[in-house]
Ligand code: APR
C-alpha cells in the first residue's frame, strides 16, 4: 500500500531563505510583542502598527527565494501524486514558489488580504493602509492581512484531521512545537499508528513524541530525507 505522508512545516524551513523565525535568538517575538501585532485585539487597538508589521513581512516574503528544502518537498509531492499532504504554518508562499501545489496554509497567507466586513479574500502584494477599499463591498479601512491571529481558528482543521487519520508517516519540519493545534498533530498521527519523523535545527517542545528526530539545517536534512525516500 502506498505511503500516505503528511508534512507540517514551520518557520525553520524558510529561515535559510532569509525569513525570520519567531522563537529563535533574534526571532520576531523577541522584537515585537505578539499581543500587539498578531491578535485581533492588537489590530483593533492599533491597526496601523499591525498593517506596518505585515507590510514588512510581506515585502520580505515576496522578495525571498525558495531554498533546497522547499524544492525537495515539491519534488517529493510531484513524485508521489495524491500521497503527500503539505500543511504549513508559514504565511510565506515559498512552497508555491518552489512549484508545490495544493499547500494547506493553516495560518493563512501574506500575499492575500481579507475584508473584515464582508470576508472577501483578494491577492495583496503591496502595503496596506486605512484608506484601502474592499473591492467586493466597497468598505474603506476594513482590509486586514489574510493571516490567522492568536485566538482565531486556524484554516482547514477538518481536512487536516482526515489526512492525519489516513497518514502512515507524519513529518514535522522546522517548527518548535510551541503553538497548538499544529503542535498536537504528531500525537494525533501516532493515535492512527503513523510513523513520526522530526527534521529541525533543534529539538522541538514535542520531540519526545517523534519516533525519530534528525537535527540539522533544513537545506541539508530535508533533501537528504527526500532522496532516501525516492531512491
Ligand atoms: N533549518 C531547520 N530548522 C530550523 C532552522 C533551519 N535553518 N532555523 C530554525 N529552525 C527551527 C528552530 O529550531 C525551531 O524549532 O525552526 C523552528 C522555529 O520555531 P518558531 O520560531 O517557533 O516557528 P514555528 O514553529 O513555525 O511557529 C509556529 O507560531 O507565532 C506563531 O503563527 C506563528 O506559525 C507560527 C507558529
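Values quoted throughout were computed directly from the atomic coordinates according to the rules given, and no laboratory measurement underlies them. This is a predicted model, so every value here is computed, not measured. Using ideal geometry, Cβ is built from the backbone for each residue, glycine included, and neighbour counts are taken over all protein chains shown.
Residues of the stretch 162-195 with the amide nitrogen closer than 19 Å to a label point 7 Å from the Cα of residue 23, along Cα-to-Cβ, please. 171-189, by backbone N distance to the label point. For helix 157-166, report the angle its Cα long axis makes with the longest principal axis of the Cα atoms of the chain; keep it between 0 and 90° and round to the nearest 10°. The helix 157-166 is inclined about 0 degrees to the chain.
Under the simplified labelling scheme, the residue 36-residue 187 pair shows an inter-label distance of 3.3 nm, with each label point 7 Å from Cα along Cα→Cβ. Here the extension length gained between residue 59 and residue 214 equals 52.6 nm, from 0.36 nm per residue of separation less the Cα-Cα distance. Working from Cα pairs under 8 Å separated by at least six residues, relative contact order for the stretch 145-231 is 23 percent.
Dimensions of the chain along the principal axes, based on C-alpha atoms and rounded to the nearest Å, stand at 53, 35, 31, largest first. Peptides 27-37, 216-226 ranked from most to least packed give 216-226, 27-37, packing being the mean of other C-beta atoms within 10 angstrom over each peptide's residues.
Ordering 152-158, 110-116 by mean Cβ neighbour count within 10 Å, with the highest value first, yields 110-116, 152-158. Nearest 10 degrees is fine. How inclined is helix 68-79 to the longest principal axis of the chain, computing both from alpha carbons? Approximately 70 degrees, to the nearest 10.
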